[in-house]
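Step one of this worksheet: look at the structure below.
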Amino acid sequence: MKFISPKIHGFIDLLLVVFLLASPWYFGFTGAIAIFTYVLAGVHLLLTLVTDYSVGLFKVLPGAVHGAIEFIVGVTLVILAYTAFSDNINGKLYYVVFGTAVLLTWLLTDYTGIHTEANN
């Protein structure tokens, strides 16, 4: 059941950007993993700003495309955790959990808003 509306998803996205920006400091990431995390925050902020939902400023990207991108990113992050970040146990765990959270959010979001906007 998809119970996260596009409006709520937009706020989750903004919180996610803040979480990503704070993560290298909080989890002690340095080097490539810290840079990757900061870049991911910037890319996710850009994705949020161009999506056609309440927090999007430019509203050029349909919600369904946003959802497809998040699915691909979630899968990619889990794969990266076991390949590129496998030598950093904190980074590996972080990206397995983070990628899984992205996939769960994708699974529970009604990107079209058809079923959830009336409830919010």
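Quick note: the coordinates plus some simple rules give every number you see, no bench work behind them. Owing to the predicted nature of the structure, the values given are computational and were not obtained by experimental measurement. Counting neighbours? That spans all protein chains shown, and the Cβs are built from the backbone with ideal geometry, glycine included.
Short-range pairs are left out: with C-alpha atoms under 8 Å and at least six residues apart, the relative contact order of the chain is 34 percent. With neighbours defined as other Cβ atoms within 10 Å of a residue's Cβ, the residues Phe98, Phe71 order from fewest to most as Phe71, Phe98. Label sites at Leu107 and Ile12, each approximated as a point 7 angstrom past Cα along Cα to Cβ, lie 1.2 nm apart. Relative to the longest principal axis of the Cα atoms of the chain, helix 89-108 runs at roughly 10 degrees.
Equivalent-ellipsoid semi-axes for segment 6-119 (Cα gyration tensor, √(5λ), whole Å, largest first): 27, 14, 11.
Working from Cα positions, state the angle (0 to 90°, nearest 10) between the long axis of helix 6-27 and the longest principal axis of the chain. So the helix axis and the longest Cα principal axis differ by about 10 degrees.
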